Amino acid sequence: MPDIKLDHCVIHISDWERSNAFYRDVVGANVVRRGNGWAYRFGETQLNCHGPGVVPAPVARVPVQPGNSDLCFVWPGPIEGAVAHLEKHRVAIELGPVERYGAREAGTSVYFRDPDGSLLEFISYG
């Protein structure tokens with residue numbers, strides 16, 4: 001079997017300016033122009049966005065809805081750093097720190113939401 005990796009997934013954006021700032025400043029994305037919208041790049045992985053001016057047809061049967069995504073990002077260091085980072089940006093923590101299991105087995109996570117209500121998670125394996 002070849003070494004398969006996740007290339008991209010899709011989230012919903014209702015306000016480009018607000019979400020671009022959030023994903024850039026809070027989540028650490030490189031914000032990239034894509035046609036009439038934007039995408040959020042993290043190294044070799046990307047979040048494509050359904051939002052104002054973007055027509056996902058013909059491939060997407062139903063566009064991704066606001067608050068309909070649940071994504072986890074690896075935090076590079078102790079989870080206390082993620083908590084401090086979220087507090088600095090005035091992002092409410094919904095749950096955590098709590099023990100969770102991700103792609104690298106056991107870690108510690110904090111959960112929060114993006115401006116459209118999608119559930120996001122920072123997990124620390126350190």
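Structure notes:
- Inside segment 70-126, residues that are free of Cβ contacts under 8 Å to residues at least 40 places away in the same chain, touching a Phe, Trp or Tyr at 6+ places or on another chain (Cβ under 6 Å), surrounded by 13 or more Cβ atoms within 10 Å (Cβ to Cβ) and at negative phi make up a count of 3.
- Scope segment 4-48; condition without any contact (Cβ under 8 Å) to a residue 24 or more places away in the chain and aliphatic (A, V, I, L, M); matching residues: Ile4, Ala21, Ala29, Val31, Val32
- Meets criteria (surrounded by fewer than 16 Cβ atoms within 10 Å (Cβ to Cβ), of a type in the set (A, V, I, L, M) and modelled with pLDDT of 95 or more) for Ala21: yes
- Among the residues of segment 46-64, those identified as closer than 16 Å to Asp114 by Cβ and surrounded by 13 or more Cβ atoms within 10 Å (Cβ to Cβ) are Gln46, Leu47, Asn48, Cys49, His50, Gly51, Val64.
- In summary, Val31 fulfils each of the numbered conditions (1) of a type outside the set (Gly, Ala, Ser); (2) within 17 Å of Leu119 (Cβ to Cβ); (3) touching a Lys or Arg at 6+ places or on another chain (Cβ under 7 Å); (4) surrounded by 13 or more Cβ atoms within 10 Å (Cβ to Cβ) with the single exception of condition (2).
- Counting only strands (runs of 3 or more DSSP E) that sit completely within segment 1-109, those holding 2 or more residues that are over 21 Å from Gly126 (Cβ atoms) correspond to 8-12, 30-34, 37-42, 45-50.
The values are calculated or read from the model by the stated rules, or taken from the named source; none is laboratory data. Treat the numbers as computed from the prediction; the structure is a model and nothing was measured. Positions of Cβ are backbone-derived with ideal geometry, glycine not excepted, and every protein chain shown enters the neighbour counts.
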